[in-house]
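*Asks:* Structure in structure tokens, see below.
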Amino acid sequence: MGDKNEEFVVTPWEVRGIVDYDRLVKEFGTQFIDDRLLDRVKRIIGEIHPLLKRRIFFSHRDFDWILDKFEQGENFALYTGRGPSGPVHLGHMVPWIFTKYLQDKFDAELYFQVTDDEKFLHDPHVSLEITKNYAMENIIDLLALGFKEGKTFIFIDTDYAKTLYNIAIKVAKHITFSTVKAVFGFDSSINVGMSFFPTIQAVPCFLPSVLKGKNTPVLIPAAIDQDPYWRGIARFVAPKLGFYKPAQIHSKFFPGLGKGGKMSASEPNTAIFTTDDEELVDKKIMNAFTGGRATVEEHRKLGGQPDICPVYHYYEYLFEEDDKKLKEIYNSCKLGTLICGDCKAILANKVKKFMKEHQRKREKAKDIVNEFILKD
Ligand code: TRP
């Protein structure tokens, strides 16, 4: 989406333009999730999550190896994380919802990194107090999704620094400044904190092995913009340090409610935050850009364009689990029988229901946070 002629950009700190996912797979050297892999997942755990079936998680590296290990009785750990730069929106929750499914189905431990250091170092205007405060707020959103106590280990970088640092320096010793420049596109004006930070994000790939004293396979579910850390740092140093290379499963980006682009906290009118009230959710969705035509008459005649419509994609990502019903929405939009006002109103109701439930669980999660946090 976005301007058709604009060159797209995907880095851990910026996603812009119409993302060509096929090109990313080629450039990053990953594999598409294919039918054979889905069949295998289905055979092992009995069901395939819609996010996987619909190829929102569309790409991977060594996911088949993770399944080999699992079938041989070697359990893997999950690793994902959050940069606490602001409140959590629906887009952040897509990989978390998928991670929760993986934890449940494979009975896997989850290691969750909160990079308050990264967000502080990256943004010249942000204080460490702010990122630490968002760290706790964001963790509450994560826990509202129901991760398992005793199997879920959350750590805020600055509060778990002793453990992380001892591993980070072992990673850092193998990484030159030329490598981080090439992998992340940094130039020499980057602050030295940022040039060191990639080693900190690589650490949790090895943390389960260190904590257990036993080499442990790790699978990282995350949006594909985080891939440089795994491709360029973690997978490169793993064999040098005697660890397994971490495996990845990559998602596409959750669209914002505007025309093109991913949901972003810096564009609050087109993002739905977990703390938005019903009125605000209604307003944002009813004002959304759609794939509809200029007038109802034209829409009925020409049909809508679900492929470029964020409202349709919200059904696809999170708000219509039933494949048949999703197909109906798609087809009736294309035929022009489903008009945008109705389609948006139905979505708004679903989102409000989801939010109400999430906010209730969020309140409850506040009481249990401390059971999940690692400190040293
Ligand atoms: N850098 C990520 C962000 O800004 C946070 C993060 C740390 C992360 N470790 C991760 C994300 C592992 C995905 C997987 O959001």
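*Asks:* Can you go through 237, 296 and tell me which one is within 29 Å of residue 72 (Cβ to Cβ) and over 16 Å from the mean Cα position of the chain (by Cα)?
*Replies:* 237
*Asks:* Residues in the stretch 321-375 that are in contact with a Pro (Cβ under 7 Å, 6 or more places away or on another chain) and closer than 19 Å to residue 272 by Cβ: how many?
*Replies:* Our first condition is that a residue be in contact with a Pro (Cβ under 7 Å, 6 or more places away or on another chain); within the stretch 321-375, this holds for 321, 330, 333-334.
Narrowing further to those that are closer than 19 Å to residue 272 by Cβ: 321.
Selection size over the stretch 321-375: 1.
*Asks:* Inspect the stretch 313-320 for any residue being touching an Asp or Glu at 6+ places or on another chain (Cβ under 9 Å), within 28 Å of residue 119 (Cβ to Cβ) and not assigned by TED's automatic domain parsing to the domain that holds residue 51 and give the result as yes or no.
*Replies:* yes
*Asks:* Out of curiosity, is residue 148 more than 30 Å from residue 104 (Cβ to Cβ) and either more than 21 Å from the chain's Cα centre (by Cα) or touching a residue at least 24 places away in the same chain (Cβ under 8 Å) (or both)?
*Replies:* When the stated conditions are applied, residue 148 does not pass them.
*Asks:* Next question, about the same structure. Could you check the stretch 196-219 and list, in sequence order, the residues that are near the ligand (Cβ under 10 Å from one of its atoms) and in contact with a helix residue (DSSP H, G or I) (Cβ under 6 Å, 6 or more places away or on another chain)?
*Replies:* 197, 198, 200, 201, 202, 203, 205
*Asks:* Answer yes or no: is there a residue in the stretch 310-332 that is without any contact (Cβ under 8 Å) to a residue 60 or more places away in the chain and in a loop (DSSP other than H, G, I, E, B).
*Replies:* Within the stretch 310-332 (the criterion being without any contact (Cβ under 8 Å) to a residue 60 or more places away in the chain and in a loop (DSSP other than H, G, I, E, B)), the answer is yes, since at least one residue qualifies.
*Asks:* Among the candidates 148, 181, single out the residue that is surrounded by fewer than 22 Cβ atoms within 10 Å (Cβ to Cβ), of a type in the set (D, E, K, R) and not in a helix (DSSP H, G or I).
*Replies:* After ruling out the rest, the residue left standing is 148.
*Asks:* For the stretch 163-185, indicate whether the set of residues that are without any contact (Cβ under 8 Å) to a residue 60 or more places away in the chain, in contact with a Lys or Arg (Cβ under 8 Å, 6 or more places away or on another chain), more than 11 Å from the ligand (Cβ to nearest atom) and under 24 Å from residue 262 (Cβ atoms) is non-empty. Working first, answer last.
*Replies:* The first filter runs over the stretch 163-185 and keeps only residues without any contact (Cβ under 8 Å) to a residue 60 or more places away in the chain, leaving 164-169, 172-173, 176-183.
Applying the additional criterion that residues be in contact with a Lys or Arg (Cβ under 8 Å, 6 or more places away or on another chain) yields 183.
Pick out the ones that are also more than 11 Å from the ligand (Cβ to nearest atom) and you get 183.
Then keep just the ones that are under 24 Å from residue 262 (Cβ atoms); that gives 183.
The answer is yes, given that some residue of the stretch 163-185 is without any contact (Cβ under 8 Å) to a residue 60 or more places away in the chain, in contact with a Lys or Arg (Cβ under 8 Å, 6 or more places away or on another chain), more than 11 Å from the ligand (Cβ to nearest atom) and under 24 Å from residue 262 (Cβ atoms).
*Asks:* I would also like to ask the following. So, in the stretch 120-136, exactly how many residues are out of contact with any helix residue (DSSP H, G or I) (no Cβ under 6 Å at 6 or more places or on another chain), surrounded by fewer than 17 Cβ atoms within 10 Å (Cβ to Cβ) and assigned to a helix (DSSP H, G or I)?
*Replies:* Counting residues in the stretch 120-136 that are out of contact with any helix residue (DSSP H, G or I) (no Cβ under 6 Å at 6 or more places or on another chain), surrounded by fewer than 17 Cβ atoms within 10 Å (Cβ to Cβ) and assigned to a helix (DSSP H, G or I) gives 3.
*Asks:* Against the condition more than 13 Å from the ligand (Cβ to nearest atom) and free of Cβ contacts under 8 Å to residues at least 24 places away in the same chain, how does residue 124 come out, does it pass?
*Replies:* Values: more than 13 Å from the ligand (Cβ to nearest atom): yes; free of Cβ contacts under 8 Å to residues at least 24 places away in the same chain: yes.
Yes; evaluated as a whole, the condition is true for this residue.
*Asks:* Do we find that residue 69 is under 16 Å from residue 248 (Cβ atoms), more than 16 Å from the ligand (Cβ to nearest atom), among the basic types (Lys, Arg) and not in a strand (DSSP E or B) in this structure? Even if it seems obvious, please write down each step before you answer.
*Replies:* Numbers: under 16 Å from residue 248 (Cβ atoms): yes; more than 16 Å from the ligand (Cβ to nearest atom): yes; among the basic types (Lys, Arg): yes; not in a strand (DSSP E or B): yes.
When the stated conditions are applied, residue 69 passes them.
*Asks:* Sort through 88, 41 and tell me the only one that's within 16 Å of the ligand (Cβ to nearest atom), more than 24 Å from residue 232 (Cα to Cα), among the β-branched types (Val, Ile, Thr) and at pLDDT 95 or above.
*Replies:* Every option except 88 fails the conditions.
*Asks:* Could I ask something else about it? Looking at the stretch 72-85 only, could you name the residues that are within 7 Å of the ligand (Cβ to nearest atom) and closer than 13 Å to residue 155 by Cβ?
*Replies:* 79, 80, 81, 82
*Asks:* Which residues, taken from the stretch 99-119, are part of a helix (DSSP H, G or I), within 12 Å of the ligand (Cβ to nearest atom) and in contact with a helix residue (DSSP H, G or I) (Cβ under 8 Å, 6 or more places away or on another chain)?
*Replies:* Start the filter on the stretch 99-119 by keeping residues that are part of a helix (DSSP H, G or I), which leaves 99-106, 116-119.
Filter again for within 12 Å of the ligand (Cβ to nearest atom), leaving 99, 116-119.
116, 117, 118, 119 - these are the residues of the stretch 99-119 that are part of a helix (DSSP H, G or I), within 12 Å of the ligand (Cβ to nearest atom) and in contact with a helix residue (DSSP H, G or I) (Cβ under 8 Å, 6 or more places away or on another chain).
The values are calculated or read from the model by the stated rules, or taken from the named source; none is laboratory data. Keep in mind it's a predicted model, so treat the numbers as computed, not measured. All Cβ positions, even for glycine, are placed from backbone atoms using ideal geometry, and neighbour counts span all protein chains on display.
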